[in-house]
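For reference, the structure discussed in these notes is given below.
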Amino acid sequence: MKELLLQAIDKGGIYMATVTNWVDHLTASEVAGQIYPYVGTELWWVIAGIIYWLWWTFATATGEDEEHQKLARKKHGANEYKNNIPEW
Amino acid sequence: MDNELTALRTLFTEFYYWMTVVLMFLIHVGFCMYEVGASRYKHHQHTLMKNTLLIPLVTITWFFFGWWIYWAFPNGPYIHGGGLILESEAFIGVAGFGANELANPTNALMAVNLNDHIMGVFWAAFLLFSWTAASIVSGAVIERITTFAFGILAIAIGSVFWSIDAAWGWHFNGWMVKLLGYHDAYASGVIHAVCGGFALGVLAVLGPRIGKFSSSGEPRNIGPRNPWLVCVGLFLIFTGFWGFYAACNIPIFDLGPEYGMEGVTYWTATNIYITPTTLGGITMNFLMSLSGGFLAGYWVSKGDPFWTYSGGLAGIIAASAGNDLYHPMQSLIIAGIGTYCAYKLHYIVERRFKIDDAVGAVAVHGYAGVVGLVICGFVLWGYPSSGYDGYAAINPIGMIIGAVIMFGVLGFLPGWILAKILHGAGKLRIPRDVELAGLDYNIMEQARKDERAVASSNR
């Protein structure tokens, strides 16, 4: 199974690893600094992160607005929350 | 790392900063406990959540642009150094100290990199300062701000404005250090005054909690609901502050070649301006300023626990600007003066301007920080602000201007403007009925229903 998987990856040429042999890497005349996968695609990862951050901000802001409006409509008094304190 | 000594020095430095990050995490734990202790029961969970969410928000934006800003803007911009952003230069013996060479989020150093052991931990140490910056503002605005608005404000102070002020006044190449002789070794101004000013700007727009002021304008005390939690929270903040002090230093550095002294080797710890100090000395001063703050806080507040604990913090903050050089007794006295001023100003501003600073953050961080900067200008008058040529010496005028920039220009003004924009968009403050009912009302109601269901169950 393992061999089949490795062969498939080899044939496809879809290595994700930046380093495939530590000995070769560390004994090279100049050790390459970055060792994370997909070196060279950093910009795309950062863009993806920014998109996720912006989406999260607007999604949660909308949710918070709805929650507040729903609660505000019920017009609870300032001390009413005391009825909801559960027993220890 | 081609020899054992270089490896030892590098890995020690890496581990040193890593430890400061772990210690500084306690500052945030402390702030969370402190805020929950100060808030009322019906707002507890949202108060905690607000302060928790600043961790991811400030962290990712610090990665995207906050760290870059610190390395980009020591020039002002265009005030000194002749450019918009700091260009790469071999200023401290290592080529490539501009923002794009170091801190651009797509840069090779901003990830696991076998050629660099320091960038990540240094980035993280500064990030923990950023969390603190946002947390300072968080306490002041509890019980009435929306989580969305706080998120925007946290990013603004944590990843933009404090980063700009650090570039200006907390960078070995910053224009304020060069031109004004600004000296702020442990961040009286660059973190505390700026955040206090920012919080005040937000509070001026946000307004007080319902019921804080009587119809005649008299302030009412909405004291901490759990003084024990406030106490433990502040003690954790003190503990994290040790880590903060350590993180503001470079633990092992050879100043001989750095200062161009031919044939001289001088290993020492340095502060952020790369001038010498000792961890032993700053430890004494930290403890003395904590003590000075406690003593003054207890005295001026007539034994009030909240202000005694806060006084300890205000004392450290007031003395921090010069705690790399002060005598311990000077730290003690400066801390006392800073705490006294912070306490008095808190109540003057509260009565005069109807500012509801729920945890005294503006006073403890803002006023104490400003007082500390001004005093530092006099006590350290004449000391070189840097070991490099061409820097102004520390002086009162430079420090007063620095205090105005920190508290007013980069603190109050952006806070006020951003709060105005959010207020204009109807996103700043929670609805009045929600504030009265309690932010946690729905959660508590559901918990009560669950409790009843469990209690009435037969099996």
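Points to keep in mind about this one:
- Charged side chains reduced to their Cβ positions (Lys and Arg at +1, Asp and Glu at -1) give segment B:154-240 a dipole of some 280 debye around its Cα centre.
- Were the residues from B:Tyr41 through B:Val22 laid out at 0.36 nm apart, the gain over their Cα-Cα distance would be 3.8 nm.
- If you plug the beta carbon distance of B:Leu48 and A:Ala32 into 1/(1 + (r/R0)^6) with R0 = 60 Å, you get a FRET efficiency near 0.85.
- Assuming charge only on the beta carbon of Lys and Arg (+1) and of Asp and Glu (-1), the dipole of segment B:298-447 about its Cα centre is about 440 debye to the nearest 20.
- Extension gain, B:Ile400 to B:Ile210: 0.36 nm times the residue separation minus the Cα-Cα distance gives 64.8 nm.
- By the helix-only formula, in which each DSSP H run with n ≥ 4 contributes -39500 (n - 2.57) and the sum is divided by residues, chain B has a 222 nm mean residue ellipticity of -18500 deg cm²/dmol.
- Look at the dipole of the protein assembly as shown built from charges on Cβ: of A:His76, B:Asn3, B:Thr132, the Cα furthest out on the positive end belongs to A:His76.
- Considering only B:Ala455, B:Gly196, B:Leu345, the residue lying farthest towards the positive end of the dipole of the protein assembly as shown is B:Ala455, judged by Cα position with unit charges set on Cβ.
- Across peptide A:58-68, the average count of Cβ atoms from other chains found within 10 Å of a residue's Cβ is 4.
- Across the cross-link table entries B:Lys212/B:Lys344; B:Lys302/B:Lys427; B:Lys427/B:Lys449; B:Lys178/B:Lys420, which are compared at the Cα atoms, the separations over 28 Å belong to B:Lys302/B:Lys427; B:Lys427/B:Lys449; B:Lys178/B:Lys420.
- Cα gyration tensor shape of segment B:114-185, rounded if a/c is under 1.5, else prolate or oblate by comparing a/b with b/c: oblate
- All C-alpha pair distances within segment B:407-459, sorted into 10 Å bins from zero, spread as 20, 24, 22, 16, 11, 6, 1 percent across the bins.
- Shown here is the pair-distance distribution of the protein assembly as shown: with all Cα-Cα distances grouped in 10 Å bins from zero up to the longest one, the shares run 4, 17, 27, 24, 16, 9, 4, 1, 0 percent.
- Net charge over other residues, Cβ less than 15 angstrom from the Cβ of B:Asp357 (K, R count +1; D, E count -1): +4
- 12 Å Cα-Cα reach of A:Lys74 towards aspartates and glutamates, excluding residues that sit fewer than 8 places from it in its own chain: B:Asp433
- Largest-first principal axis extents, alpha carbons of segment B:226-301, Å: 59, 22, 17
- Computed label-point distance, nm, for sites B:Ala455 and B:Thr239 using a 7 Å Cα→Cβ extension: 3.6
- For B:His327 and B:Glu218, a Förster radius of 45 Å and the Cβ-Cβ distance give a FRET efficiency of 0.55, rounded to the nearest 0.05.
- Prolate/oblate/rounded label for chain B (Cα gyration tensor, a/c 1.5): prolate
- Applied to segment B:442-454, the Karplus parametrisation 6.51 cos²θ - 1.76 cosθ + 1.60 on θ = phi - 60° returns per-residue 3J(HN,Hα) values of 4, 5, 5, 4, 5, 4, 5, 5, 4, 4, 5, 4, 5 Hz, with x for Gly and Pro.
- Legend: translational diffusion of segment A:35-80 by Stokes-Einstein, Rh = Kirkwood radius over C-alpha pairs, 10 °C, 1.306 mPa s; D = 114 µm²/s.
- Set of aspartates and glutamates with alpha-carbon distance to A:Lys2 below 17 Å, sequence-local pairs under 8 removed: A:Asp10
- Among the residues of B:436-447, the average count of other protein chain beta-carbon atoms within 10 Å of the residue beta-carbon is 5.
- Dipole moment magnitude, nearest 20 debye, segment B:346-430 about Cα centre, only Lys, Arg, Asp, Glu C-beta charged: 440
Throughout, read-outs are computed from the coordinates displayed, never taken from laboratory work. Note that the coordinates shown come from a computational prediction; the quantities given were computed from them, not determined experimentally. For neighbour counting, all protein chains shown are included, and Cβ atoms are generated from backbone atoms with ideal geometry for every residue, glycine included.
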